[in-house]
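Notes follow the structure.
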Amino acid sequence: GLAIAAVLLWGPRIAPAIFIAAFLINQLTAGSVFTSLAIACGNTLEAVIAGYLVRHWAEGEQVFDTPTGVAKFALMSLAATLVSATIGVSSLAVAGYAEMSSFMSVWPTWWLGDLAGALVVTPVVVLWAKSEPASLTPPQITGTGLTYLAAVAVGAFAFSPLLQQTTLHDALIFVVILPLLWASLRQGPRDTATVALIISAFA
């Protein structure tokens, strides 16, 4: 999500920074130099491809300004995230860190993780980066703050592991829709995307 947002905001010239960051993170966690290089290539290609598709066929940085743009971004993210998952899992299988028999179970997990990052994180970063400082008036800041507090409260309540899991509690999870609706109707795309990120973090 961060990588795609960076490409949308600064263009493909940011690709070397994405590659280096991805390589270092993978090198510090697990695998080998080969797998870290391969995964970094996959992550970088994924971001560059997504950025290219969005810039040429979905209004670029303005992609989140309209429902049509959001739908296009989702479809393009579906395609671009296939690249990282395929390269990453293949490199782990070739290097012996994952069994070939588990390829079809590991691959969807990787792909869905990347897709979730694209759909949840990218809009928040892009919309906040595009925000005009003049738009943050005291009433706007108050509304934004209250909306985020509501999202935190609802997320903590709906997904708390401390509360007993009952049929009633499971039904109350749908309460998370309320801050999302409020943000979308009263606050705009930036706050709606941020509320979605907050609730996703709790989930």
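The values are calculated or read from the model by the stated rules, or taken from the named source; none is laboratory data. What you see is a predicted model; the values in this text were computed from it and never measured. Neighbour counts are summed over all protein chains in view; Cβ atoms, including those assigned to glycine, are modelled from backbone coordinates with ideal geometry. Surface accessibility is based on the protein's heavy atoms, side chains included, excluding ligands, DNA and RNA. Shrake-Rupley method; radii C 1.70, N 1.55, O 1.52, S 1.80 Å.
Anything in the range 166-184 that is more than 16 Å from ILE141 (Cα to Cα) and open to solvent by 70 Å² or more (accessible area, probe 1.4 Å)? List them, or say none. Hits for the range 166-184 are THR167, LEU168, ASP170, PHE174, ILE177, LEU178, LEU181.
Each residue in the range 185-202 was checked for being without any contact (Cβ under 8 Å) to a residue 40 or more places away in the chain, farther than 16 Å from VAL121 by Cα and surrounded by 15 or more Cβ atoms within 10 Å (Cβ to Cβ), and 1 of them qualify. Of all residues in the range 40-53, which are over 10 Å from ALA15 (Cβ atoms) and over 15 Å from the mean Cα position of the chain (by Cα)? Answer for the range 40-53, where residues must be over 10 Å from ALA15 (Cβ atoms) and over 15 Å from the mean Cα position of the chain (by Cα): ALA40, CYS41, GLY42, ILE49, TYR52, LEU53. When the range 124-163 is filtered for residues that are farther than 24 Å from PHE174 by Cβ and more than 23 Å from the chain's Cα centre (by Cα), the ones remaining, listed by number, are PRO133, ALA134, SER135, LEU136, THR137, PRO138, PRO139, GLN140, ILE141, THR142. Would you please name the residue that is surrounded by the fewest Cβ atoms within 10 Å (Cβ to Cβ), looking only at residues in the range 13-36 that are out of contact with any Leu (no Cβ under 8 Å at 6 or more places or on another chain) and either in contact (Cβ under 8 Å) with a residue 40 or more places away in the chain or acidic (Asp, Glu) (or both)? Within the range 13-36, the match that is surrounded by the fewest Cβ atoms within 10 Å (Cβ to Cβ) is ALA30. Would you mention how many residues in the range 122-143 are part of a helix (DSSP H, G or I), under 19 Å from GLN62 (Cα atoms) and without any contact (Cβ under 8 Å) to a residue 12 or more places away in the chain? Residues that pass the stated criteria total 3. Against the list (1) at pLDDT below 90; (2) assigned to a helix (DSSP H, G or I); (3) touching a Phe, Trp or Tyr at 6+ places or on another chain (Cβ under 9 Å); (4) open to solvent by 50 Å² or more (accessible area, probe 1.4 Å), the condition LEU163 fails is (2).
Against the criterion of being modelled with pLDDT of 95 or more and under 21 Å from VAL106 (Cβ atoms), THR35 does not qualify. Only one of the numbered conditions (1) surrounded by 19 or more Cβ atoms within 10 Å (Cβ to Cβ); (2) over 20 Å from TRP182 (Cα atoms) is not met by VAL124, and that is (2).
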